[in-house]
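Trainee: Sharing a structure, written as structure tokens. Questions coming.
What follows draws every value from the coordinates through simple rules; no lab data is involved. Worth saying up front: this structure is predicted, and the values here are computed from it rather than measured. Here the Cβ positions follow ideal geometry from the backbone for every residue, glycine too, while neighbour counts run over all protein chains shown.
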Amino acid sequence: MLLLTSILVLAVTVLSIPLVERVLGRNTGWFAAAVLAALTALIAAQAPQVLGSGEALTYSVPWMPQIGVEFHLRMDALGWMFTLLVTGVGALIMAYSTRYFPPGRRLGFYLLMTLFAFAMTGLVLADDVVLLYVFWELTTITSFYLIGLSGPGASRPAIRTFLITALGGLALLGAVVLLVVRTGTTQLSTILADQSWTQDTSFTALVAFLVVGAVFTKSAQFPFHYWLPDAMAASTPVSAYLHAAAMVKAGIYLAMRFTPAFGEVLVWNTALIAFGLITAVVGAVFALQQHDLKRLAAYSTVSQLGFLIAVIGIGTPEALVAAAAHTVAHALFKSALFMVVGLVDHEAGTRDLRDLGGLARRMPVTAGIATLASLSMAGIPPLLGFVSKEYLFAGLLGAPGGPWAGVLAGAVAVGAAAFTFAYSFRFVHSAFFGEPRGKRRAEQEDVHEAPVAFWGPASLSALGGLVLGLAVPVLDPLVNGVSQDTTGTAAEAHLLLWHGFNPELAMSALAIGLGALLVWRTASGDSYAGRALLPVDGPSVFERIHSALISTGRRVGDLTRTDTVAFHLGTPVVVVLVLATAVLWLGIDIPAPAGQTSRPLDWLLVGLMGVAVLGAVLTRSRLAALALIGVAGFTTALWLFFLGAFDVALTQLLVEVLTVVVAVLVLRRLPRRFHPVTRKRSALTAVIAIAAGSVAGVAAFALTGRRELSSAASYFLDNAPEDTGGTNVVNTILVDYRAFDTLGELVVLGVAGLIIIAVLRSTDLLPVHQARKPSVPVTNPVFEAVPNTVLMRTVAKYLLPILVVWSLYLLVRGHNEPGGGFIGGLVGGSAFALTYLAASSDAAARIRLAYPTIIGSGVLVALGTGLLGFLEGSFLLPLHAEIPLPGGEYFHFTTALIFDVGVYLVVVGVLLAALNELGLESGDGTDRAAPPPSPPGTSGGGNADETAPSSEGSGATAAGVDTTTTGGAR
Amino acid sequence: MTLAVTIAIMVAGGVYLMLQRGMVRIVLGLLLVGHAVNLLIMSAGGVFRRDQPLLGINPPDWAADPLPQAFVLTAIVIAFSIVIYMLTLAASGSDDDTEDVS
């Protein structure tokens, strides 16, 4: 329960920040600090249970039960230690932030900082790998925003940091997925307790490799170490909390957490020890080189993290004791040092060591804090840093792989520790002692000590190192608990300041001696600082790799970057051909046909189709091609009818008619003939086309029609009348079973209609093509539109109401007999197409219905019906009612019918849009005013040679001589 | 067999038209390929059962698979909306030519 409380309290704190910050401004830190301090006390009070009895606190609640992910929280000694670090150091930093920033609003900062505290607490308490991963990424994201908060200059560092740590996040995700798939559980403690998966050595090595990737990127290990100094673009409280005490410790935590599984895996040991020690040395050497106090502290963090990783890599109980102790020590002294950097920066106006010096006289308290923290960092008794470093040495001496390995590890560690001593000395000496230096010397005279509220948190942190150093045995239960949790063996360690003369003491002494020598030879680092040790630095290497990746991606894209449509259309076809060839090459087992698939009459359709397609391919006349494709469409409709799909055949038939009508409206704006292509190209496309056709035919023959009726089909056929009250099974599928599909389709259709309107509002239609203009004298009777159209108009006049009524009848009966919303809508649309084609002029042809509204209302009707379904439990569930009719009969009413009305409306609306938008001369159905109409029949001639004849006589739809018009006045 | 031959013819013709110059031919090719795919979906339901799935008229014993029919019905209407949209594009702008070179 306590675990849930902690998480919830933090979550509520995050949510309340916007409100609190409005009142308190920068002092919001006090509020956050109070919450975190209270949590720290609460968690510290659990010590008797967690450390004393060794029983972990747990809490769990189902989160995503379908995939077995639960909100498991668990706090053992390891979790307890890290939670305390997060909340304790967090409280200090929050309090410190109140004085670090100038007065004013700090919403983003506090929101993100508390969010980070929440994420980090969740991370160290999570006992579910999915949860762990989510919190892990959340820390990465908050870090990105917190760095970016510092202004435009911080954006590249923020991105670099983010990409590196996100890379590690991906590695962690990979490990998580592998573990969940292999073990079948997402609970971390179960995965770690059940070690059966570690028997598979290659699998274990892979997971270990991925976890190492996550650890190294998060905890800034070589070669990813450079992101940490890079991230110093963030404000100092952010650096102190995320990049010294908490976030970079997430990698340490993960490494310790997975020690039970990987503690004896060679890849793990080798990688951690080797790279940890390299990082320790690299970080320490670079730290001594820095002029900037903050970068010095950052490189020092890198180095200390390297020590921790190396000692975790040893994997023995003693080593883990050292890791635990040093984690605590480092969190204390490093957060104090970062806060000191902020204090110096704030009061002296710079953190460049070349411009500092002698600050101890002006800022005695800050100097004291810095000294205390640095002594701990350098490993000088009686501070906690001394004790933890002694144990680090002892742990490293126990490196696996024989005595020489231990000696080598110890020697490298002593080297790094010597540099640690040197840069610790440099930190304190160059800033606080000696004479003021540099160009800011004059200004150093006015420097004052910071207010107590500012240095207070830092002093607590630094004093913590001293107190815990003097009373180091109080840490015994903690370090032993951690060793129990990570290695399964209690180390029975008794931490002592003084434990006699032993190799570790000698190593400490040697490190201090060498360090002192280093300080002396390099004038406390000055003669050595700023010199480039390597020809490249991390960020520039990163940028080079980054831009190389981007340009590689662009080059890959260039392979297919062309405006030639045919290339884009042809590539997928060719790829399918290649795949099909591969399948044919390999061969597949094909079951026997499930029944007689061919009937003699079918060959008629095959022949019809062959003729139509051949003609369409060969002709160069647009109109002929359109007509032949129309024939192919009608043949398809016949095929559908042959196959027992009456509704579909009807739909196909109607769509075919309307397609031809719309196409004709377009064709008259285009040349008569198709654009010519070269003979070579025709041959190539013919080869591709024939191959594609053959493959499609073979696939259709070999891969379909070789099984009995599918179970879904049987279900529909057996249950449709009972489930839906309809006997037209296809229609019941459309409006009852799979109404959601239909709704989606409806929306696509409606959007297509709206896009047509939108495109033609922004681009003008082509004028009617010159070649289509009449070349006969204007006195010719074909120009007399009104008399010419009288037959069609009369027919249309009487047919329109009949067609509309019939379409409504088709709509209503669709549930039981052929018909339904689509067919009804298409018939209704054809009625309008007929009146349209029969009209004698543009003005008469225009259908004055607000078709966008019709489309929209259709979608709304369908959606509304869907929402009605919630009354009975789910979206789009049809409701049924028996309505009594006079005579004792009942009419079965279902809301599926209303849904079908929505379908009907959308279909009609889209057809109206197409006719009106494409049909009128200007291409604009509503907006543009037509020229003043002349009296019908009187002004036929005179303007036949204009580019865009607009008077009635030669109007678009009535242009009887328009060679493409199939209906109308002809 | 017959349906497979029909599909082969339609796909060949459709692909040929799609790879030509000019939006209108592309649209016509797409129409053909669309029809062919619809027939392929019907074929997947099994073409040896060819009775109408209208249970008020026929018993379900030899009724065709209704699910592909519903899919194809939907597909026909969507293909129609795409075709009229593409035709609109062909008729706006300058010409329906899709290539710069002659």
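Trainee: Which whole-Hz couplings ³J(HN,Hα) result when phi for each residue of region A:828-833 is put into the Karplus expression 6.51 cos²θ - 1.76 cosθ + 1.60, θ = phi - 60°, listed in order with x for Gly and Pro?
Mentor: x, x, 5, 4, 5, 4
Trainee: Additional query: Give the shape of region A:2-531 as rounded, prolate or oblate, defined through the alpha-carbon gyration tensor: a ≥ b ≥ c are the square roots of its eigenvalues, a/c under 1.5 means rounded, and otherwise the shape is prolate if a/b is larger than b/c and oblate if not.
Mentor: oblate
Trainee: To test your reading of the geometry: what angle, between 0 and 90 degrees and rounded to tens, separates the Cα axis of helix A:201-218 from the longest principal axis of chain A?
Mentor: Around 80 degrees separate the two axes.
Trainee: Let me ask you something else. Over the protein assembly as shown, what is the percentage of antiparallel beta bridges among all DSSP beta bridges, to the nearest 5?
Mentor: If I count the DSSP bridges inside the protein assembly as shown, around 95 percent turn out antiparallel.
Trainee: While we're looking at this one, here's another question. Starting from the alpha-carbon convex hull of region A:598-676, give the projected area averaged over all orientations, in nm².
Mentor: Working: hull surface 21.7 nm².
Over every viewing direction, the Cα hull of region A:598-676 projects on average to 5.4 nm².
Trainee: While we're here: May I ask for the angle, rounded to the nearest 10°, between helix A:129-148 and the longest principal axis of chain A, with both axes built from Cα atoms and the value confined to 0 to 90°?
Mentor: On a 0 to 90 degree scale, this one is about 80.
Trainee: So, R0 is 51 Å and r is the distance between the beta-carbons of A:Leu703 and A:Trp404; what FRET efficiency does that work out to, to 0.05?
Mentor: 0.20
Trainee: Charges on Cβ only, +1 for Lys and Arg, -1 for Asp and Glu, centred on the Cα centroid of region A:744-874; of A:Leu810, A:Ile847, A:Pro781, which one is farthest towards the dipole's positive end?
Mentor: It is A:Pro781, whose Cα lies furthest towards the positive end.
Trainee: Check cross-link reach from A:Lys797 to the lysines: straight Cα distance under 30 Å, and skip same-chain residues fewer than eight apart.
Mentor: A:Lys773
Trainee: First measure r as the distance between the Cβ atoms of A:Leu860 and A:Ala516, then evaluate 1/(1 + (r/R0)^6) with R0 = 56 Å and state the FRET efficiency to the nearest 0.05. Mind showing how you got there, number by number?
Mentor: Values: r = 83 Å, r/R0 = 1.48.
After rounding, the FRET efficiency stands at 0.10.
Trainee: What is the dipole size for region A:598-676, taken about its Cα centre, with +1 at each Lys and Arg Cβ and -1 at each Asp and Glu Cβ, in debye to the nearest 20? Kindly include the intermediate steps, with their values, before the conclusion.
Mentor: On the way: 7 positive and 3 negative charges, 118 e Å.
Charge dipole, region A:598-676, about its Cα centre: 560 debye, nearest 20.
Trainee: Measure out, as a whole number of angstrom, how far apart the alpha-carbon centroids of region A:815-886 and region A:202-263 sit.
Mentor: First find each Cα centre; the distance between them is then 61 Å.
Trainee: May I pose another question? Setting aside same-chain residues fewer than 8 positions from A:Lys389, which aspartates and glutamates have a Cα under 16 Å from its Cα?
Mentor: Reachable aspartates and glutamates: A:Glu318, A:Asp476, A:Glu504.
Trainee: Would you tally the net charge around A:Leu359, using a Cβ to Cβ cut-off of less than 10 Å, leaving A:Leu359 out, and scoring K and R as +1, D and E as -1?
Mentor: Its environment carries a net charge of 0.
Trainee: Of the candidates B:Ala63, B:Ala12, B:Ala79, which one comes out as most mobile in a Gaussian network treatment of chain B with C-alpha springs shorter than 10 Å?
Mentor: B:Ala63
Trainee: Please work out how much length the chain gains when fully extended from A:Thr560 to A:Leu178, using 0.36 nm per residue of separation minus the C-alpha to C-alpha distance, in nm with one decimal.
Mentor: So the chain would gain 134.0 nm between A:Thr560 and A:Leu178.
Trainee: Okay, moving on. Around A:Arg561, what is the net charge, scoring Lys/Arg as +1 and Asp/Glu as -1 over all other residues with Cβ under 11 Å from its Cβ?
Mentor: With Lys, Arg at +1 and Asp, Glu at -1, the net is 0.
Trainee: Next question, about the same structure. Which FRET efficiency value, to the nearest 0.05, do you get for A:Trp30 and A:Asp741 by plugging their Cβ-Cβ distance into 1/(1 + (r/R0)^6) with R0 = 56 Å? Don't jump to the answer; show the numbers that get you there.
Mentor: Values: r = 57 Å, r/R0 = 1.02.
Using R0 = 56 Å, I get an efficiency of 0.45.
Trainee: Could you work out the relative contact order of chain A? I mean the mean sequence separation of Cα pairs under 8 Å and 6+ apart, divided by the number of residues, in percent. Walk me through the intermediate numbers first.
Mentor: Values: 1568 pairs, mean separation 80.1, N = 970.
Once divided by the residue count of chain A, the mean separation gives 8 percent.
Trainee: Another question, if that's okay. For region A:573-637, just say rounded, prolate or oblate: build the C-alpha gyration tensor, square-root its eigenvalues into a ≥ b ≥ c, call rounded for a/c under 1.5, and beyond that prolate if a/b exceeds b/c, oblate if not. Please list the in-between numbers first.
Mentor: Details: a/c = 3.86, a/b = 1.45, b/c = 2.67.
It is oblate, given that a/c is not under 1.5 and a/b is not larger than b/c.
Trainee: Take the alpha carbon gyration tensor of region B:2-91, find the square roots of its eigenvalues, order them as a ≥ b ≥ c, and report rounded if a/c is under 1.5; if not, report prolate when a/b exceeds b/c, else oblate.
Mentor: oblate
Trainee: Could I ask something else about it? To the nearest µm²/s, what D does Stokes-Einstein give for region A:686-779 at 20 °C and 1.002 mPa s, using the Kirkwood radius over alpha carbon pairs as Rh?
Mentor: On the way: Rh = 19.2 Å.
Value of D from the Cα-based Kirkwood radius: 111 µm²/s.
Trainee: Tell me which trypsin sites (Lys or Arg not before Pro) from region A:415-513 have a DSSP coil assignment and no more than 12 other beta carbons within 10 Å of their own.
Mentor: Passing both the DSSP loop test and the Cβ count: A:Lys439.
Trainee: Let's see if you can work this out: charge +1 on each Lys and Arg Cβ, -1 on each Asp and Glu Cβ, no other charges. What is the dipole magnitude of region A:704-851 about its Cα centre, in debye to the nearest 20?
Mentor: Result for region A:704-851 is approximately 740 debye, rounded to the nearest 20.
Trainee: Place +1 on the Cβ of every Lys and Arg and -1 on the Cβ of every Asp and Glu in region A:620-776, take the dipole about the Cα centre, and give the residue among A:Val729, A:Val687, A:Leu658 whose Cα lies farthest towards its positive end.
Mentor: Going by the Cα projections, it comes out as A:Val687.
Trainee: I want the local charge near A:Pro381. Using Cβ-Cβ distances under 13 Å, sum +1 for each Lys or Arg and -1 for each Asp or Glu among the other residues.
Mentor: -1
Trainee: Can I ask one more? Can you give the helix-only mean residue ellipticity at 222 nm for chain A, where every DSSP H stretch with n ≥ 4 adds -39500 (n - 2.57) and the sum goes over all residues, rounded to the nearest 500 deg cm²/dmol?
Mentor: Details: 37 runs with 634 residues, N = 970.
Only helices count here, giving -22000 deg cm²/dmol.
Trainee: For Cα pairs less than 8 Å apart in space and 6+ apart in sequence, what is the mean separation divided by the residue count of region B:2-91, i.e. the relative contact order in percent?
Mentor: Value for region B:2-91: 26 percent.
Trainee: Using the eigenvalues of the Cα gyration tensor, what equivalent ellipsoid semi-axes result for the protein assembly as shown when each is taken as the square root of five times the eigenvalue, whole Å, largest first?
Mentor: 78, 34, 29
Trainee: Something else: What distance in nm lies between label points placed 7 Å from Cα along the C-beta direction at A:Val23 and A:Met1?
Mentor: The modelled label-to-label distance comes out at 2.9 nm.
Trainee: Starting from the 7 Å offset along Cα-to-Cβ, what nm value, one decimal, do you get for the label separation of A:Ile690 and A:Ser16?
Mentor: 8.0 nm
Trainee: Run the quick spin-label model on A:Leu601 and A:Thr58: label points 7 Å from Cα toward the beta carbon, then report their separation in nm to one decimal.
Mentor: Each label point lies 7 Å from its Cα, and together they span 7.1 nm.
Trainee: Output the 0 to 90 degree angle, nearest 10, between the alpha-carbon long axis of helix A:565-586 and the longest principal axis computed from the alpha carbons of chain A.
Mentor: Approximately 80 degrees, to the nearest 10.
Trainee: Treating the beta-carbon of each Lys and Arg as +1 and of each Asp and Glu as -1, no other charges, what is the dipole magnitude of the protein assembly as shown about its Cα centre, to the nearest 20 debye?
Mentor: Working: 58 positive and 67 negative charges, 563 e Å.
Its charge dipole is roughly 2700 debye.
Trainee: Are there chymotrypsin sites (Phe, Trp or Tyr not before Pro) in region A:434-511 that DSSP marks as loop and that have at most 14 other Cβ atoms within 10 Å, and which are they?
Mentor: A:Trp498, A:Phe501
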